[in-house]
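As structure tokens, the structure follows; a few thoughts come after it.
The values are calculated or read from the model by the stated rules, or taken from the named source; none is laboratory data. Worth saying up front: this structure is predicted, and the values here are computed from it rather than measured. Heads up, the Cβs are rebuilt from the backbone with ideal geometry, glycines too, and the neighbour counts pull from every protein chain shown.
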């Protein structure tokens, strides 16, 4: 490994000379049983200790200047000696490997750009850049996709040695063939976000598909999940310290809310397939959250925030404590976090949401006449229902019931025959849609480690986390034309009864949006428990090993009150007059039945509502057992250097068990009706990885390495598969490096995809046979015959660090992921259209009644042949000390830009090939991405002050590339930029004591989202996957450590 040393760093050694580079490696005497040091300057004591223990000790000469070390007698080992001579110095130490130690400030997590990896090493691997001499850490201390760290406020060079997530072998992040983006804790601090996912989802490689603002109509699964490349959260593998985390959902995904943010040292993102290194699910990439293992003392954060319009109020409190014990052989840390966000109850609470945007069929449209088929218009509502009841048949057809039970004219508006109209009397269902789901989370994490011997360390960790989301406005109950009001209904006025009798009709059909019933609610609570026991150690000159057992369980309960029991409503609607008492009663005489009056808004009595309402409940238990072991080290040296090897094995069992209430089990509710699911998958894996140096220190070949890996995986449900990776990294010199990787990655179907028969939902469709717009029922059916997905991933790129511009780093990488047999489901409109186009296998999902009318379009998970995404990732950042311009200033500017260009995002199911690159496509089963997405930031630090300005760019995009020409009048949407800014000011910074105030403004210019409309009956105004729906928001808080 090539190591570059900062001119302000030193390596302690007896042969060192006074200049800044001090080296102690080859000149050490054999370590002794007991260590003794006389009282002397700290720098001299460190050199002497390095001599006695044959250990490299890295330190900053400036940091130890004028410091003295006390005498040390009978120290048991190097850690005991370091603990004693560093007492009171404000410094602590970290091991880079078994023979290398670095000194850092006690509060180095805040004041140094460092990376500590927990990946399968006997000692933690550290990459350290010099701590800034100012009282605040440098802003914008970001890492480009090569894994290098922005050294704002530091010297231009740094020691590089780190185990990165792209490989299981200890590597420099700058030499791995796989692009790795590293996000430091300082980056999260600069944004002052209350959730790690909020920051990551602004990066162009992520799509925020499952967050409190994008998952507002789901009965479960609300949280913060990560989705790389927009390929789905189930194809993004989340690791914690290099290990899988027990899923928090039945589809195998993990909510980031369960992870204590305060302990996170950094997050590494591998934007490419990594199944050969880390196993199934790493198709789009890996997100590895790495904890600080050396916390010393107390640390805390408290902050609160609120949107400018007075909602989305939130608070967060996080505390952590860590300490070494047993003369430094042991370490214990504990962290706890609490968070509460009130959400935003209504879409109408935003000016853009109050305009009632919807998609309306164009009455001027005819095939071939050049007119668009659909229009995006404000002031819309339902064309076929009212909140008091719209009569669809009989002598009163076209009339609606007023609140007093009388009939009044109904203005259907401008609908073109569709479900949505402009300018009529119909209600706008989207006005009361939740904009951000209220969310609470709490977590506690504890870890203890102990060096049993010099080469053996034991570790125990345990965590408990809970998350609760309460959506009180999931959806209004509705009956679109299926309410039959008989002529003798108890709540009809005598006059109306007489008119029905005179017309000779038995009754009429009524269509109603039942807002006065109250909303169906969705209360989702998850409790996750996880425990890990591990041993790690080292032997020989370079070999390390790691073995662990992990058990985790997530208990989820979905409690959804306010749902309508269909049988009870049918009985309650058929109300007649009791000839004896003259009161309304249920014709059926069902026990407990209370007659229900639906003739006018507000007509239902509370007693009737209590009778028809029920609470749907789903209880899910997800369990995961993992046993794994791995080893790595140098196998031998070849002509170009050390040949490194890693190998290991893993056993994993994932099980899901779901129970539901009896009404849901019998399809008795209006919506939902989840079904019991039970199943388990056992996985056995073995892997190996080799790094083979090819060239070193030659003209135009400073370093060249080949990285290969393979993994054999056996699934109890689908058999054995083999994954592999081959990567090449070639450095021409310090300024230019090229890299390339080719891999085969897999994802096996999870328990939910194989066995679930999920609940009832409703979709707007157009019957291809008649052209009629309908709202049909749809149920997700199981498919135990699913096969594993296979992805072939190609990545190649270049990393530039031009010598003429110190501090500038650039990287450009091409990526291409071809996913075969992709598991997914088609939306009901797609199923209908493809059935009509001749895909007869899909016609089995279409259910018609005896008259040929569509009554349901069901779905299931399918192997959809092929998905492909390819494009370019670009990253640049630049550190500019103002003193470089001749200014008498210690200030530093940090510039960073990340951008992704998506050239192709295609879906091929064997019948059609659709490319959704450059499209939003949020309504159907084929989601899209704008071609260009980016995030840029500029930061300034000077002493205790840090300023930050960020910008998120969403490129211009079409609506949906699967739409036929001229389907929509508004088919293209402009680009959008959102700015955020923050300020940090350190009030106190003395050794381990630190107090910092911070404030943040997100969506600084209060930009409204681009209005896109959604082609669904609840008529959401925009696409929250891409656009901000909250508006300008403020937060402020305090950080402290002591």
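Scanning region 567-618 for residues being surrounded by fewer than 21 Cβ atoms within 10 Å (Cβ to Cβ), part of a helix (DSSP H, G or I) and free of Cβ contacts under 8 Å to residues at least 60 places away in the same chain gives a total of 4. Considered as a group, the residues in region 835-881 that are within 30 Å of residue 933 (Cβ to Cβ) and not in a strand (DSSP E or B) include one that is farthest from the chain's Cα centre (by Cα), and that residue is 865. If you check residue 684 against the conditions, is it more than 23 Å from residue 248 (Cα to Cα) and either without any contact (Cβ under 8 Å) to a residue 12 or more places away in the chain or in a strand (DSSP E or B) (or both)? Judged against the criteria, residue 684 is not a match. On inspection, residue 817 passes the criterion of being touching a residue at least 24 places away in the same chain (Cβ under 8 Å) and either within 30 Å of residue 875 (Cα to Cα) or in a loop (DSSP other than H, G, I, E, B) (or both). Residue check: residue 508 meets all listed conditions (1) modelled with pLDDT of 95 or more; (2) more than 30 Å from residue 560 (Cα to Cα); (3) crowded, with 18+ Cβ neighbours inside 10 Å; (4) out of contact with any helix residue (DSSP H, G or I) (no Cβ under 8 Å at 6 or more places or on another chain) but one, namely (4). Looking at 96, 57, just one residue is modelled with pLDDT of 75 or more, buried (at least 16 other Cβ atoms within 10 Å of the Cβ) and within 29 Å of residue 543 (Cα to Cα), and that residue is 57.
Just one residue in the set 475, 501 is surrounded by fewer than 19 Cβ atoms within 10 Å (Cβ to Cβ) and either assigned by the TED database to the domain that holds residue 222 or under 25 Å from residue 603 (Cβ atoms) (or both); that residue is 501.
Surrounded by 18 or more Cβ atoms within 10 Å (Cβ to Cβ), in contact with a strand residue (DSSP E or B) (Cβ under 6 Å, 6 or more places away or on another chain) and modelled with pLDDT of 95 or more: which single residue out of 520, 532, 564 fits that description? It is 532. When residue 842 is tested against (1) modelled with pLDDT of 90 or more; (2) over 24 Å from residue 206 (Cα atoms); (3) surrounded by 18 or more Cβ atoms within 10 Å (Cβ to Cβ), only condition (1) is not met.
Identify, please: which residue in region 663-681 is part of a helix (DSSP H, G or I) and in contact with a strand residue (DSSP E or B) (Cβ under 8 Å, 6 or more places away or on another chain) and is, among those, nearest to residue 619 (Cα to Cα)? Among them, the one singled out is 664. Of the residues making up region 402-421, those that are closer than 23 Å to residue 360 by Cβ, in a loop (DSSP other than H, G, I, E, B) and in contact with a strand residue (DSSP E or B) (Cβ under 8 Å, 6 or more places away or on another chain) number 8.
Of all the listed residues (293, 299, 309), the sole one being buried (at least 23 other Cβ atoms within 10 Å of the Cβ) and under 24 Å from residue 199 (Cα atoms) is 299. Is there a residue being out of contact with any helix residue (DSSP H, G or I) (no Cβ under 8 Å at 6 or more places or on another chain) and farther than 30 Å from residue 248 by Cα anywhere in region 429-448? The answer is yes; a qualifying residue exists. Checking residue 635 against (1) part of a helix (DSSP H, G or I); (2) modelled with pLDDT under 95, which single condition isn't satisfied? Looking at each condition in turn, residue 635 falls short on (1). Within region 441-453, restricting attention to residues that are more than 23 Å from residue 195 (Cβ to Cβ) and surrounded by 16 or more Cβ atoms within 10 Å (Cβ to Cβ), the residue that is farthest from the chain's Cα centre (by Cα) is 451. All conditions but one from (1) surrounded by 15 or more Cβ atoms within 10 Å (Cβ to Cβ); (2) touching a helix residue (DSSP H, G or I) at 6+ places or on another chain (Cβ under 9 Å) apply to residue 459; the one that does not is (2). Of all residues in region 888-901, one or more are in the same structural domain as residue 974 (by the TED database), crowded, with 22+ Cβ neighbours inside 10 Å and closer than 28 Å to residue 743 by Cα.
Residues that are in contact with a strand residue (DSSP E or B) (Cβ under 6 Å, 6 or more places away or on another chain) and either modelled with pLDDT under 85 or surrounded by fewer than 24 Cβ atoms within 10 Å (Cβ to Cβ) (or both) within region 172-181 comprise 173, 174, 175, 177, 178, listed in sequence order.
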